[in-house]
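I have placed the structure first, in the form of structure tokens, so that the comments after it can refer back to it.
The values are calculated or read from the model by the stated rules, or taken from the named source; none is laboratory data. Everything numeric in this text was worked out from a predicted model, so none of it was measured. Cβ sites come from the backbone with ideal geometry, for glycine too, and all protein chains shown count toward neighbours.
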Amino acid sequence: MKILLAVDGSAHTKHMLAYLAAHSELLGAVGGYTALTVVPALPPHVTRFLPEGTERAYYDDQAEAVLKPVRAFAAQQGWQLEARHVIGQPGDAIAELAEAGKYDMVAMGSHGHGALAGVVMGSVATRVIARCKTPVLLIR
């Protein structure tokens with residue numbers, strides 16, 4: 001089984017990882033994990049004033065802040081982990097990679113807001129579920 005872990009560095013991500021580690025029997029034989037974090041794009045009116053290379057360094061630094069603890073946790077668990085980051089809208093990027101990478105499952109933490117909050121505020125989890133043909137495991 002090939003699993004895409006949608007991570008954002010929040011307490012919900014930590015809870016999701018701990019849950020997966022504690023309930024490994026649910027997943028069966030895992031052939032590998034990919035941790036994906038999505039860094040929102042800087043507005044064009046900002047990037048045109050940045051020195052060359054600054055924008056890329058910003059994205060890399062933001063992603064590394066999220067991915068470094070995930071790598072450490074995966075190493076403690078003995079998981080085979082590939083860490084990736086992309087720039088864009090989180091819900092869309094997660095769904096696109098899940099399909100393109102032919103993952104068997106997407107696992108992600110969720111804030112657990114009610115239906116009204118999801119309608120009013122929007123939700124990455126809601127967006128992933130709506131766009132993704134790959135099964136999604138939401139952990140609250």
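Given the condition in contact (Cβ under 8 Å) with a residue 12 or more places away in the chain and among the hydrophobic types (A, V, I, L, M, F, W, C), answer yes or no: does some residue in the range 51-64 qualify? Within the range 51-64 (the criterion being in contact (Cβ under 8 Å) with a residue 12 or more places away in the chain and among the hydrophobic types (A, V, I, L, M, F, W, C)), the answer is yes, since at least one residue qualifies. Ala125: at pLDDT below 95 and over 17 Å from Val39 (Cβ atoms), yes or no? So Ala125 passes the test. For Leu50, the conditions (1) outside any strand (DSSP E or B); (2) touching a strand residue (DSSP E or B) at 6+ places or on another chain (Cβ under 6 Å) are fulfilled apart from (2). The residues on offer are Ala98, Ala107, and the sole one that is part of a helix (DSSP H, G or I), on the phi < 0 side of the Ramachandran plot, surrounded by 15 or more Cβ atoms within 10 Å (Cβ to Cβ) and at pLDDT 95 or above is Ala98. Would it be correct to say that Tyr19 is over 11 Å from the mean Cα position of the chain (by Cα), in a helix (DSSP H, G or I) and touching a residue at least 24 places away in the same chain (Cβ under 8 Å)? When the stated conditions are applied, Tyr19 passes them. Looking only at the range 65-83, which residues are under 12 Å from Thr37 (Cβ atoms) and not in a helix (DSSP H, G or I)? Residue satisfying the conditions is Ala83 alone.
The sole residue among Arg84, Arg56 that is modelled with pLDDT of 95 or more and basic (Lys, Arg) is Arg84. Among the residues of the range 22-47 satisfying the criterion of being in a helix (DSSP H, G or I) and of a type in the set (S, T, N, Q), which is nearest to Leu138 (Cα to Cα)? Out of the qualifying residues, it is Ser24. Can you tell me which residue in the range 21-53 is modelled with the lowest pLDDT, limited to those that are closer than 16 Å to Gln76 by Cα and of a type in the set (Gly, Ala, Ser)? Applying the filter and picking the extreme gives Ser24.
Of all the listed residues (Ala65, Ala74, Ala18), the sole one being surrounded by 18 or more Cβ atoms within 10 Å (Cβ to Cβ) and at pLDDT 95 or above is Ala74.
Within the range 65-97, the residues that satisfy the criterion of being out of contact with any strand residue (DSSP E or B) (no Cβ under 9 Å at 6 or more places or on another chain), of a type outside the set (A, V, I, L, M) and without any contact (Cβ under 8 Å) to a residue 12 or more places away in the chain are Gln76, Gly78.
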